[in-house]
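What follows is a short report on a single structure.
The values are calculated or read from the model by the stated rules, or taken from the named source; none is laboratory data. Treat the numbers as computed from the prediction; the structure is a model and nothing was measured. No Cβ is skipped: glycine too gets one built from the backbone with ideal geometry, and neighbour counts run over all protein chains shown.
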Amino acid sequence: MRKPNLTEQLLFICIVIVVIMIISLGIILPRNLLPIYEDNLYNYLGESLNILDSPENSKINSEVAYIYVNNENIYISNNLNKVLGLDSPKEILSKINKEEGKFLYNKKVYYYSTITSNNTKKIALTGSSYINDMRISIFKIILLVVGITFIIVSMVILIWSNSLVNRIKKLKEKIDNLNNDNYNHKIKYDYEDEISTLEVALEKMRVYLKEEEEYKNQMYQNISHDFKTPITVMKSYIEAFEDGVITDKEAVKVSKEQLSKLEGKVHSLLYLNKLNYFKDKKDIIKERCDVSKVVFDSVDKFSLVRNDVKFTLDIDEKNTIFKGSSEMWEAIIDNILNNFIRYANKEIKITIKNNKIILFNDGPNIDKDVLNNIFSPFEKGVNGVFGLGLSIVKKTLTFLNYDINIQNTKNGVSLCEDVFDFDDDNLAKVIETPVAEEHEEEANTALESCPTGAIEEE
């Protein structure tokens, strides 16, 4: 069985309302209007008595009978039997004891009105047909008004529902376009109602999906380029080894280096994917990590990469416990130091004070053109290098509700992580080493302000 559409449902509701109105009016109005009907009937009977000279003259209304009582003489109109169903009025004269009123005779209700003048009592009588006629007339008027109202309301509903249905159909088309990965059709909204709220939400979704699609396509291109380079290098060295141009040691050395790069890139991609998993695991934010331990482990690793770079640590004993797991903070610190180690001249300094983590290197400043998108995945830096490191840092800190800022300083680059909900109940051991004097001023300045600056990633 076919389900009714929206227009049919609205029309059905309208019909039900009309039927309820008619039934209600048919029950309520007769009862409430009965006194009015009776007053009109009494007035009519009284006026007819003023017009008639004799009871025999009953042409005014055949439904009204007349009785004149003069002393002991009684005069009746010819239609008395027709109206009341009797030939002699004596049996009902006893029921007429007021100027106007009604009485019950033979299970029927009759109405009367009287006038007394010149020792003559004039009586006009009629049945309930007059009131029934008035009821029918009023009911016809009600039906006419309700009918016209129903037609007008139905037309309005049809016009409105068609407009609504058309908006819904257009909205469905936009949704179908989104389902078909077509994000170029802008969703317009010209009204301020509940559907427009849905249209606004869909438009935001369209823009988001379009940006995500563009980002995904760009990322695929960047990943393909990023993975293709080490593979091409390894292939070239293997072919050179096969041709006898280089030794097997040289080929193995280069291949291991390129495989190490590929491993790092695969690890970064897997970690980014894991961050999406973390979004549904809000309990992970409740974890706490001693960042000083992570810093020491990372410094041990990267000090082997460049033994000419000095690592200086200035860590406050009350500011080493932060939100997040050790895995997250290892990813944050490692990716920052992996960037810093390539550009530092002589020193990298790490400061943890006042609920802030400051990382400083004395390398060259970064071009301002790179700053705006420095945390975007695979953003191409000054040296033409693509990477995910700083994107991982930004995404992880954002997930933990922390902020990160970058600053070009006088003698290098400083990166600041703002922490606003330091856990005072968990304190790490004292970790403090001397600060290099030539960079103490820059580090303290960055610690106090932490404005947006620059850094470049691999």
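Just the residues that are surrounded by 13 or more Cβ atoms within 10 Å (Cβ to Cβ) and among the small types (Gly, Ala, Ser), please, taken from segment 151-180. The answer is Ser154, Ser161. Residues of segment 299-315 that are touching a residue at least 24 places away in the same chain (Cβ under 8 Å) and more than 20 Å from Leu400 (Cβ to Cβ): Val299, Lys301, Phe302, Val305, Arg306, Asp308, Val309, Lys310, Phe311, Thr312, Leu313, Asp314.
Considering the conditions (1) of a type outside the set (D, E, K, R); (2) within 26 Å of Ile358 (Cβ to Cβ); (3) assigned to a loop (DSSP other than H, G, I, E, B), Ile246 is excluded by exactly one of them, (2). Please enumerate the residues belonging to segment 316-333 that are in a strand (DSSP E or B) and either among the aromatic types (Phe, Trp, Tyr) or farther than 22 Å from Asn401 by Cβ (or both). Result: Phe322, single match.
Pairs linking a residue in segment 79-102 that is buried (at least 16 other Cβ atoms within 10 Å of the Cβ) to a residue that is charged (D, E, K, R), with Cβ atoms under 7 Å and 6 or more positions apart or on different chains, are Val83/Glu63.
Take the residues in segment 117-150 that are closer than 21 Å to Asn78 by Cα and of a type in the set (Ser, Thr, Tyr); name whichever of them is surrounded by the most Cβ atoms within 10 Å (Cβ to Cβ). Looking at residues that are closer than 21 Å to Asn78 by Cα and of a type in the set (Ser, Thr, Tyr), I get Thr126.
The set of residues in segment 359-390 being at pLDDT 80 or above and either surrounded by 22 or more Cβ atoms within 10 Å (Cβ to Cβ) or in contact with a Cys (Cβ under 7 Å, 6 or more places away or on another chain) (or both) consists of Leu359, Phe360, Asn361, Asp362, Gly363, Leu390.
Ile67 meets all of the listed conditions (1) modelled with pLDDT of 80 or more; (2) over 19 Å from Asn119 (Cα atoms) but one, namely (2). Could you please let me know if Lys353 is closer than 23 Å to Asp300 by Cβ, of a type in the set (Lys, Arg) and either modelled with pLDDT of 75 or more or outside the structural domain of Cys289 (by TED's automatic domain parsing) (or both)? Yes: the conditions hold for Lys353.
Within segment 304-320, being more than 14 Å from Lys356 (Cβ to Cβ) and crowded, with 16+ Cβ neighbours inside 10 Å holds for Val309, Phe311, Thr312, Leu313. Residues of segment 37-62 that are surrounded by 15 or more Cβ atoms within 10 Å (Cβ to Cβ) and either small (Gly, Ala, Ser) or modelled with pLDDT of 75 or more (or both): Tyr37, Glu38, Leu41, Tyr42, Tyr44, Leu45, Gly46, Ser48, Leu49, Ser58. Which members of segment 228-277 meet the condition of being over 54 Å from the mean Cα position of the chain (by Cα) and polar (S, T, N, Q)? Those that are over 54 Å from the mean Cα position of the chain (by Cα) and polar (S, T, N, Q): Ser236, Thr247.
Taken over segment 64-73, residues that are in contact (Cβ under 8 Å) with a residue 12 or more places away in the chain and surrounded by fewer than 16 Cβ atoms within 10 Å (Cβ to Cβ) amount to 2.
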